[in-house]
Amino acid sequence: MHSGGEVDIRGAYCVASSEWIVSCQTYEGGFGGCPDLEAHGGYSFCGLAALTLLGRAKLCNMDNLIKWTVNKQMRYEGGFQGRTNKLVDGCYSFWQGGTFPLIHMVLAMQNTDVSSLSAEHWLFHQEALQEYLLICCQHQGGGLVDKPGKARDYYHTCYCLSGMSVAQHFAGGKLSHCYVVGHPDNELKATHPVYTHWSELCGSCKHALQQTSSACGFFIATASTEI
C-alpha cells in the first residue's frame, strides 16, 4: 500500500493485480494473505471480490475455493471458522458467508450448468448461521461479539450484521428470496457482497464514482448490483 508498509492481499483488493491475487490461492482452495501463506477467510473474500471487480474470477480454481469455503461452516455451531482447525468467529459470517454470493454469480457468468445452482439458496446453511449469530453473538449491552464470553466491538458488530444480511437475503430482483430466523423484526436490509453497503445505495454510489473518475483520471471498477 505504501513504501515500507505491509504487503498482503488486502492491498491487492484496492490496487487490483489479478495475477498476484491468483498466486495467493493455496492448495487448500482458499486465499492466503501472500503467496505460500495458509488460506484465510478474510483474505479469500478480498481475493475473490477483487477478481470479481476486475472480471478475472475465472483465473482462480473455483472448485477448490468452493470446497474449502463450504467446509468452513461448522456443523455444531452453525457459524464459520476463518482458518482450518480454528474456532468459529462471528466476523467470518461475512468474510466466509459473503463469498458465496460472489461464487454464485461467477458460476452463473461462466456458463456453468445452471441446473446445478439453486435458484433459492446460497451454497451454505443460511438458517444455521442466523441461529449462531442470534443465539451466541448478541451482547446483553448491545452490539455483537466474536463468540460467547468475548467483548463487543464495532468490528464484530459490523461483520456479524453483514453476515446476517447475506444469510437472510438470496440474490436480487426477480430471484430474490428472504429467509428470516425468529421474529420478522430480525430482518436486516440486503447488503451488497462486494461493496458491503446496502444494496439500494450501490447504484447511486457507483454513478457518483464514475462521474468523479473521468475528472480525476482513474478507473473505477464496478460489479453488478444484481447478485
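From the list GLY33, GLY47, GLY55, GLY82, pick out the single residue that is under 15 Å from the mean Cα position of the chain (by Cα), farther than 21 Å from LEU188 by Cβ and at pLDDT below 95. Steps first, please.
Numbers: GLY33 fails: under 15 Å from the mean Cα position of the chain (by Cα); GLY55 fails: under 15 Å from the mean Cα position of the chain (by Cα); GLY82 fails: at pLDDT below 95.
Sole residue among the options that is under 15 Å from the mean Cα position of the chain (by Cα), farther than 21 Å from LEU188 by Cβ and at pLDDT below 95: GLY47.
Answer yes or no as to whether GLY78 is open to solvent by less than 30 Å² (accessible area, probe 1.4 Å), on the phi > 0 side of the Ramachandran plot and touching a Leu at 6+ places or on another chain (Cβ under 7 Å).
Numbers: open to solvent by less than 30 Å² (accessible area, probe 1.4 Å): yes; on the phi > 0 side of the Ramachandran plot: yes; touching a Leu at 6+ places or on another chain (Cβ under 7 Å): yes.
It is true that GLY78 is open to solvent by less than 30 Å² (accessible area, probe 1.4 Å), on the phi > 0 side of the Ramachandran plot and touching a Leu at 6+ places or on another chain (Cβ under 7 Å).
What number of residues in the stretch 110-141 are open to solvent by less than 30 Å² (accessible area, probe 1.4 Å) and in a loop (DSSP other than H, G, I, E, B)?
In the first step, residues of the stretch 110-141 are kept if they are open to solvent by less than 30 Å² (accessible area, probe 1.4 Å); the result is 117, 122, 124, 126, 128-130, 132-133, 137.
Keeping just the survivors that are in a loop (DSSP other than H, G, I, E, B) gives 117, 122, 124, 137.
Adding up the residues that qualify gives 4.
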* Asked: Are there any pairs, at least 6 apart or on different chains, whose C-beta atoms fall under 7 Å, with the first in the stretch 19-30 and on the phi > 0 side of the Ramachandran plot and the second surrounded by fewer than 17 Cβ atoms within 10 Å (Cβ to Cβ) and at pLDDT 95 or above, and if so, which?
  -> GLY29/ASN61; GLY29/ASN64; GLY29/LYS67
* Quick check: is even one residue across the stretch 122-130 of a type in the set (Asp, Glu) and more than 19 Å from THR157 (Cβ to Cβ)? -> yes
* Which one is most open to solvent (accessible area, probe 1.4 Å) among residues in the stretch 179-193 that are modelled with pLDDT of 95 or more and not in a loop (DSSP other than H, G, I, E, B)? -> ASP185
* Would you pick out the residues in the stretch 32-59 that are open to solvent by less than 10 Å² (accessible area, probe 1.4 Å), outside any helix (DSSP H, G or I) and touching a residue at least 24 places away in the same chain (Cβ under 8 Å)? -> GLY33, ALA39
* Asked: Has the stretch 160-176 got at least one residue that is at pLDDT 55 or above, part of a loop (DSSP other than H, G, I, E, B) and among the basic types (Lys, Arg)?
  -> no
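Please find, within the stretch 1-30, the residue that is modelled with the lowest pLDDT out of those that are farther than 23 Å from PRO101 by Cβ, open to solvent by 80 Å² or more (accessible area, probe 1.4 Å) and outside any loop (DSSP other than H, G, I, E, B). Steps first, answer last, please.
Quick first cut of the stretch 1-30, residues farther than 23 Å from PRO101 by Cβ only: 1-8, 11, 15, 17, 19-20, 23, 27.
Filter again for open to solvent by 80 Å² or more (accessible area, probe 1.4 Å), leaving 1-4, 6-7, 15, 19, 27.
With the extra rule that they be outside any loop (DSSP other than H, G, I, E, B), the set shrinks to 15, 19.
Details: VAL15: 59, GLU19: 87.
The extreme case among them is VAL15.
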* Search result, residues across the stretch 60-90 that are in contact with a strand residue (DSSP E or B) (Cβ under 9 Å, 6 or more places away or on another chain) and of a type in the set (A, V, I, L, M, F, W, C) -> CYS60, LEU65, MET74, PHE80, LEU87, VAL88
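The values are calculated or read from the model by the stated rules, or taken from the named source; none is laboratory data. Computed from a prediction, not measured in an experiment: that's the story for all the values here. As a convention, Cβ positions derive from the backbone with ideal geometry for all residues, glycine included, and neighbour counts pool all protein chains shown. These accessible areas exclude ligands, DNA and RNA; they are computed on the full protein's heavy atoms, side chains included. Shrake-Rupley method; radii C 1.70, N 1.55, O 1.52, S 1.80 Å.
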